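Heads up, the thing below is written out as structure tokens.
The values are calculated or read from the model by the stated rules, or taken from the named source; none is laboratory data. Bear in mind that the values here come from a model prediction, so they are computed numbers and not experimental data. Cβ placement follows ideal geometry from the backbone for every residue including glycine, while neighbour counts extend to all protein chains displayed. Side chains are part of the model used for accessible areas, which takes the heavy atoms of the whole protein and leaves out ligands, DNA and RNA. Shrake-Rupley method; radii C 1.70, N 1.55, O 1.52, S 1.80 Å.
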Amino acid sequence: MPLSLHLLADAPAQLLPARELMAFTLAAHIILVPLGVAFPLITLVMHYRGLRRNDATALLLARRWSAVMAVQFALGIVTGTVLSFEFGLLWPGLMGRWGDVFGVGFGVEAWAFFLEAVLIAIYLYGWRRLRPRTHFLLGLPLPLAALLGAFGILAANSWMNTPQGFSLDAAGNPVDVNVWKAIFTPMFGPQYWHFVVGMILTAGFVVAGVYATGWLRGRRDRYHRLGFAVPFTIAAVAAPVQFVLGDSIARSVFHKQPVKFAAMEIVWKTDTRVPEYLFGRLQEDGSVKGGLKIPLLDSFLAGFSPNTEVVGLTSVPADQRPTATQATIAHWAFDLMVLIGSALVLLALWYGLVWLRHRRLPASRWFYGAAACAGVGSVVAVECGWIAAEVGRQPWIVYENMRVAEAVTATRSTSLWIMFGVVAAVYVFLFGSFLVVLLKMRTRWRLADEQQAAAGAHTPEDDIPYGPRASIPAGDVPAGGPGAGRSGGEGP
């Protein structure tokens, strides 16, 4: 029997459905995370541009984006809450034994979530109701609240990768907890900044991709040009920064989690002059099938020298390392993330060169086609990053301290599979509803713009969303006075 099947046969029956359920809910939630973390920042940049330049188009975009931000946040509350419950329901061994050590991260994230909800409500309500400067200033804490939430989650996850800040008693239970050491672990800094910049990059490309699609369909007015340019510029600046941070975190994994690094690079035996494999498949005997082999490159990337020694998977017993299948999954996810990241950097360079040479946006349909795909690609890269990080850590849920099989619930596997089916059905409904709401919002905004333009009145680009609206021609004033016919949906 292959080693991977032997290890799987020894695992509890609950392990597979528990892991699949957690993986599904996390993969679904992480689609929303870039917008939750970075969309407020992008919206406020657009808002600032509108105020600074008295730009009605920018203010209109910021106002509409704030509505999308609120809808997205509402869905994120649901998916995030489900994940919080799953930690306790699916992994009671983890929370029961280690909750006192790393649970403070979840507490920080919960408070940040609450604060962000309040700030989004104030920001959304403030259009047309607050003075422009006051409204903008009240929105400034929004990105900070989002970063605080990311701080809590990444503190917990980095602790699971490099646990510290505790001692073990005779029974193996953690005592003498040092909260600061538990939060600021060796992997926290590299993980946090890699995550934050990745979210900014992803949100920028996702938002810009919407307007790039509009450009390809012939909508090339200033509204769409500005809606594309601001988020894409933010993403284009973040892309090369993220490339450097990605190299930094890979080097941190090499030093702090050498077995995970071996899995991500499918290195079987500890050696120097190790080759790099692009999309190869690790076999049970340690050989690699398929892929592109580049001699010496893995050692050079790890330590800037072909003589750098890279730890292999066989440096630890079989039950303390990922299986060949798990290593292959982590390796493919890592390679795909790097490939997409490299393509995004090239796209950002294309954009930057055109701007520096001609002081305008690119005009090529190829560029906007690539920009429309960049949003989806960046989300795929985020998913791949988490897959590489979590699968590469196997079989540990707390690195070198607790295996996943030790933490899993005792609930029957059949019940977990049923729960998985129910959660999947609910999530399909929720995300479908989210998409329907966004499409209806888009349609309503487009119809409103077309109607105003057809009526010969002011266009949305001329109507600054502060104070009273632009004046209405005398013949169009309702009998009840200037305010009698005003719809309540837009606010006073």
(request) Please go through region 400-417 and pick out each residue that is open to solvent by 20 Å² or more (accessible area, probe 1.4 Å) and of a type outside the set (A, V, I, L, M, F, W, C). (result) Glu400, Asn401, Arg403, Glu406, Thr411, Arg412, Ser413, Thr414, Ser415
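Can you pull out the helices (runs of 4 or more DSSP H) entirely within region 171-267 that have at least 3 residues that are open to solvent by 20 Å² or more (accessible area, probe 1.4 Å)?
Numbers: elements: 179-183, 188-216, 222-256, 258-264.
Correct list: 179-183, 188-216, 222-256.
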(request) Residue by residue through region 47-60, note down the ones that are in contact with a Phe, Trp or Tyr (Cβ under 7 Å, 6 or more places away or on another chain) and within 15 Å of Arg222 (Cβ to Cβ). (result) Thr57
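In a helix (DSSP H, G or I), on the phi < 0 side of the Ramachandran plot, aliphatic (A, V, I, L, M) and surrounded by 11 or more Cβ atoms within 10 Å (Cβ to Cβ): does that describe Ala425?
Numbers: in a helix (DSSP H, G or I): yes; on the phi < 0 side of the Ramachandran plot: yes; aliphatic (A, V, I, L, M): yes; surrounded by 11 or more Cβ atoms within 10 Å (Cβ to Cβ): no.
Taking the combined requirement at face value, the residue does not satisfy it.
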(request) Just give me the residues in region 150-166 being open to solvent by less than 30 Å² (accessible area, probe 1.4 Å) and either closer than 22 Å to Ile120 by Cα or among the hydroxyl-bearing types (Ser, Thr, Tyr) (or both), in sequence order. (result) Ala150, Gly152, Ser158, Thr162
(message) Quick check on this structure: which one of Ala381, Ala371 is within 22 Å of Leu278 (Cβ to Cβ), in a helix (DSSP H, G or I), touching a residue at least 12 places away in the same chain (Cβ under 8 Å) and not acidic (Asp, Glu)?
(response) Ala381
(request) Can you confirm whether region 23-35 contains a residue that is closer than 30 Å to Ala171 by Cβ, touching a residue at least 12 places away in the same chain (Cβ under 8 Å), of a type in the set (S, T, N, Q) and buried (at least 16 other Cβ atoms within 10 Å of the Cβ)? (result) no
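A quick yes/no check of all residues on (1) among the aliphatic types (A, V, I, L, M); (2) within 23 Å of the chain's Cα centre (by Cα); (3) closer than 30 Å to Thr233 by Cβ:
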{"position": "Gln14", "(1), (2), (3)": "no, no, no"}
{"position": "Val37", "(1), (2), (3)": "yes, yes, yes"}
{"position": "Phe73", "(1), (2), (3)": "no, yes, yes"}
{"position": "Gly105", "(1), (2), (3)": "no, yes, no"}
{"position": "Ala110", "(1), (2), (3)": "yes, yes, no"}
(message) Test of understanding: among Leu282, Leu278, Leu296, which residue is closer than 21 Å to Arg251 by Cβ and touching a residue at least 24 places away in the same chain (Cβ under 8 Å)?
(response) Leu278
(request) Inspect region 185-204 for any residue being under 20 Å from Met46 (Cα atoms) and in contact with a Ser or Thr (Cβ under 7 Å, 6 or more places away or on another chain) and give the result as yes or no. (result) yes
(request) Determine if region 344-356 includes at least one residue that is within 21 Å of Pro34 (Cα to Cα), in contact (Cβ under 8 Å) with a residue 24 or more places away in the chain, open to solvent by 70 Å² or more (accessible area, probe 1.4 Å) and assigned to a helix (DSSP H, G or I). (result) no
